[in-house]
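> Quick one: the structure is below, questions incoming.
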Amino acid sequence: GTTAQVLVQDDDVAVPPINVSLACTPSVLTDSANQVANCTATSSQAAPAAGLAVGLVLPPANPRYTVACPASLAIAAGASQSNAVCTVTATPNTVAGDGDVVANLALAPAPNQEYVVAGTPAQVTVRDDDSTPAPVAAAVPTLSHWSLLLLSSVFGIAGFFGLRRRQR
């Protein structure tokens, strides 16, 4: 028999992980009409041929805002940003002093390790833009300048007669 030597060479190239982050623009809304933030997923490199479906972790329900999102944000093959957006819409109100609230949106870890969650969760702050009513000043009774002159004169005359009595 003949012997042959076979050389097996590892030619696999380590592919760096795809880092995916979530950002919302604008990140601050007011509790007025037409206040909407759009949130998109961005990857550190182009998505693979099959695309990338990025799962979301949504904030709990809150009467100060609504969240409208698909189940996942899709990044198309060759793209590095999701074509779908997740929206956070401020609920208009006129309640003064109800404070600010924050909606935290996060990316869910990839179940099959096809991406790595990078960065911190995206935050959208809904600020209270309703002014607190100024306290009403209480009226302070005052004397007009004529009344003040008359009162000073009465005290002056009383003081004059009081001194005369003492001198006697």
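We did not get these values from a lab; they are worked out from the coordinates using the rules stated. On a predicted model such as this, the values are computed, not experimentally measured, just so you know. Here the Cβ is made from the backbone with ideal geometry for all residues, glycine too, and neighbour counts use every protein chain on show.
> In whole Hz, with x marking every Gly and Pro, tabulate ³J(HN,Hα) for the stretch 104-120 from phi via Karplus 6.51 cos²θ - 1.76 cosθ + 1.60, θ = phi - 60°.
These are the phi-based 3J(HN,Hα) values: 9, 10, 10, 8, 7, x, 5, x, 10, 6, 7, 8, 10, 6, 10, x, 9 Hz.
> While we're here: Summing +1 for each Lys or Arg and -1 for each Asp or Glu, what net charge is found among the other residues whose Cβ lies under 12 Å from the Cβ of ASP100?
Summing Lys and Arg as +1 and Asp and Glu as -1 gives -3.
> Grab the Cα-Cα distance for LEU150 and LEU58, subtract it from 0.36 nm times how many residues apart they are, and report the gain in nm with one decimal.
25.7 nm
> Now, a different point. Between TYR115 and residues 5 or more places away or on another chain, which pairs have amide H atoms under 5 Å apart, with H built 1.01 Å from N, and which residues are they?
Answer set, sorted by chain and number: ALA110.
> Note down the relative contact order for the stretch 43-143 as a percent, whole number, built from C-alpha pairs under 8 angstrom at least six residues apart.
Reported relative contact order: 27 percent.
> Next up: Quick one: if you take sqrt(5λ) for each eigenvalue of the C-alpha gyration tensor of the stretch 74-161, what semi-axes come out, biggest first, whole angstrom?
Equivalent-ellipsoid dimensions as semi-axes: 73, 13, 10 Å.
> Let me ask you something else. Mind checking the angle between helix 145-167 and the chain's longest principal axis? C-alpha axes, 0 to 90 degrees, to the nearest 10.
So the helix axis and the longest Cα principal axis differ by about 50 degrees.
> Right, next: Taking amide H atoms as placed 1.01 Å from N in the peptide plane, list the residues 5 or more away in sequence, or in a different chain, whose amide H sits under 5 Å from that of VAL28.
Correct list: THR125.
> A follow-up question, please. Mind jotting down the distance between the C-alpha centroids of the stretch 21-43 and the stretch 90-168, whole Å?
Here the two parts' Cα centres lie 31 Å apart.
> Given H placed on each backbone N at 1.01 Å, which residues far from GLN35 in sequence or on other chains put an amide H within less than 5 Å of it?
Sorted by chain and number, the residues that satisfy this are ALA90.
> If you don't mind, another one. Consider the candidate values (1) 34; (2) 60; (3) 70; state which one is percent of Cα pairs over 25 Å apart computed from the structure displayed.
For percent of Cα pairs over 25 Å apart, the calculated option is (2).
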